[in-house]
Amino acid sequence: MSVGLEPRLDCVACLTRQAHEAAVAATDDVRLREVALRRTFRLIARMDWHCPPPALAQQIHRLIRGATHNPDPYAELKDQLNRRAAPLEPIWRKRFAEAFPPFEAAVRMAIVGNLLDVAAKTQLGEVDVLAAFERALITPLVGSVDELEAAVAEARDILYLADNAGEIVFDRSLLSHLPLGNVTVVVRGSPILNDATFADACWAGLADFCDIMTNGSDAPGTLLDDCSQAFRDRFAAADLIIAKGQGNYESLAGIDKHVFFLLKIKCDVLGQDLGWPVGSLVLHHQRPVGGDRPHPRREPPTLPTEERKPHSRSSGLRHPHRPPTRA
């Protein structure tokens, strides 16, 4: 089975748009922008368009960073996204907690935070962000929260693959529901777009919940062949992967691992691949070819009552107007 999403011509157009935005973010020197873009267009023409989109984006952004002499064109934007998310997180955590059972509320928070993404075709302003959070309160959730909750309870080694700066602040709620001592958050090894790095994870306070490691790569996804040996060893040993965002799906779809992908569908290509329309909140369960988890269950550490409350259980499509009966 091949691993990763097969790009379409729409992906090439999107990468071209990203290249222009990255050149503008990287330098105010119009001459350098033109040099970077001319080199990028030549590179795009030569690339193998059958590679997963994160592999193509990695080559493009490496070229732009080098041509503009800027190792992190999105550094200022990432800081803005983190600071933008910080005051919103407690407000929306309360709103979601009032509308849904605790675990589902945390999952929805993690997914809706995925809209803070400069790689997506539509970048949202302040009003749009607030409207998107409001819609997430009434939008059905595609996938089974109960399957994820059961998998978390049985897992002994969970890798949580983070996505973007800003978004990573909204991961705090879900991470607080995962078993302490069994979870490691993974971020990019070096700057790429507005993807979260080690500094962003620390700024968001994720060290309060779990260990943090980098994958050793500058791809906007998880290209295993490009990641560090330390990360590949951890990935192979993990019995559950929780992967955030489009880039992680584009690079890990079809891999022989137990994976839950948490993302918001932001383009037609992804929507067609997953079978859901743009705007859908998706919890996609990918099972390993050989069956479910091979390892015996290890009981998670006991958490204080206020941190681990009973959750309701149901499956399939979740709609806020038809909540399951609480146990």
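The values are calculated or read from the model by the stated rules, or taken from the named source; none is laboratory data. Please read all numbers here as calculations on a predicted model, not as lab measurements. For neighbour counting, all protein chains shown are included, and Cβ atoms are generated from backbone atoms with ideal geometry for every residue, glycine included.
Going residue by residue through region 29-36, is there one that turns out to be outside the structural domain of LYS257 (by TED's automatic domain parsing) and in contact with a Leu (Cβ under 8 Å, 6 or more places away or on another chain)? Break it down stepwise before answering.
Kept after step one, since they are outside the structural domain of LYS257 (by TED's automatic domain parsing), are these residues of region 29-36: 29-36.
Add one more test, that the residue is in contact with a Leu (Cβ under 8 Å, 6 or more places away or on another chain), and what stays is 36.
Scanning region 29-36 turns up at least one residue that is outside the structural domain of LYS257 (by TED's automatic domain parsing) and in contact with a Leu (Cβ under 8 Å, 6 or more places away or on another chain).
Could you list all residues from region 172-197 that are basic (Lys, Arg) and either in a helix (DSSP H, G or I) or in contact with a Phe, Trp or Tyr (Cβ under 8 Å, 6 or more places away or on another chain) (or both)? Explain how you work it out, then say what you get.
Of the residues in region 172-197, the ones basic (Lys, Arg) are 172, 188.
Correct list: ARG172 only.
Only one residue in GLU89, GLU34 is in a helix (DSSP H, G or I) and in contact (Cβ under 8 Å) with a residue 40 or more places away in the chain, so which one is that?
Details: GLU34 fails: in contact (Cβ under 8 Å) with a residue 40 or more places away in the chain.
On inspection, the qualifying residue turns out to be GLU89.
Just to check your reading of the model, which residue among ARG172, ARG156 is surrounded by fewer than 24 Cβ atoms within 10 Å (Cβ to Cβ), within 21 Å of ARG287 (Cα to Cα) and either not assigned by TED's automatic domain parsing to the domain that holds LEU240 or not small (Gly, Ala, Ser) (or both)?
On the way: ARG172 fails: within 21 Å of ARG287 (Cα to Cα).
Within the list ARG172, ARG156, the selection yields ARG156.
Filter region 182-205 for residues that are more than 24 Å from ARG65 (Cα to Cα), crowded, with 18+ Cβ neighbours inside 10 Å and free of Cβ contacts under 8 Å to residues at least 40 places away in the same chain and give the result.
Matches in region 182-205: VAL183, VAL185.
Name the residue that is modelled with the lowest pLDDT, counting only residues in region 80-120 that are acidic (Asp, Glu) and crowded, with 16+ Cβ neighbours inside 10 Å. I'd like the intermediate steps shown before the answer.
First pass over region 80-120, keeping only residues acidic (Asp, Glu): 89, 98, 104, 117.
With crowded, with 16+ Cβ neighbours inside 10 Å added as a condition, the list becomes 89, 104, 117.
Details: GLU89: 93, GLU104: 97, ASP117: 61.
Within region 80-120, the match that is modelled with the lowest pLDDT is ASP117.
Do any residues in region 253-265 that are under 16 Å from ASP239 (Cα atoms) have Cβ atoms under 8 Å from those of residues that are buried (at least 22 other Cβ atoms within 10 Å of the Cβ) and hydroxyl-bearing (Ser, Thr, Tyr), where the two are at least six apart or on different chains, and which pairs are they?
These pairs meet every condition: PHE261/TYR249.
Condition check: surrounded by fewer than 20 Cβ atoms within 10 Å (Cβ to Cβ), at pLDDT 95 or above and of a type in the set (Phe, Trp, Tyr). Does PHE261 satisfy that?
Values: surrounded by fewer than 20 Cβ atoms within 10 Å (Cβ to Cβ): no; at pLDDT 95 or above: yes; of a type in the set (Phe, Trp, Tyr): yes.
Spelling it out, it is not the case that PHE261 is surrounded by fewer than 20 Cβ atoms within 10 Å (Cβ to Cβ), at pLDDT 95 or above and of a type in the set (Phe, Trp, Tyr).
Does region 237-251 include one or more residues that are over 25 Å from GLY143 (Cβ atoms) and modelled with pLDDT of 95 or more?
yes
Which of (1) modelled with pLDDT of 85 or more; (2) exposed (fewer than 14 other Cβ atoms within 10 Å of the Cβ); (3) in contact with a Ser or Thr (Cβ under 9 Å, 6 or more places away or on another chain) is the odd one out, the single condition SER144 does not satisfy?
Going through (1) modelled with pLDDT of 85 or more; (2) exposed (fewer than 14 other Cβ atoms within 10 Å of the Cβ); (3) in contact with a Ser or Thr (Cβ under 9 Å, 6 or more places away or on another chain) one by one, SER144 breaks only (2).
Sort through ASP226, ASP233 and tell me the only one that's of a type in the set (D, E, K, R), touching a residue at least 40 places away in the same chain (Cβ under 8 Å) and not assigned by TED's automatic domain parsing to the domain that holds GLN18. It would help to see each step written out before you state the result.
Details: ASP233 fails: touching a residue at least 40 places away in the same chain (Cβ under 8 Å).
So the residue among ASP226, ASP233 that is of a type in the set (D, E, K, R), touching a residue at least 40 places away in the same chain (Cβ under 8 Å) and not assigned by TED's automatic domain parsing to the domain that holds GLN18 is ASP226.
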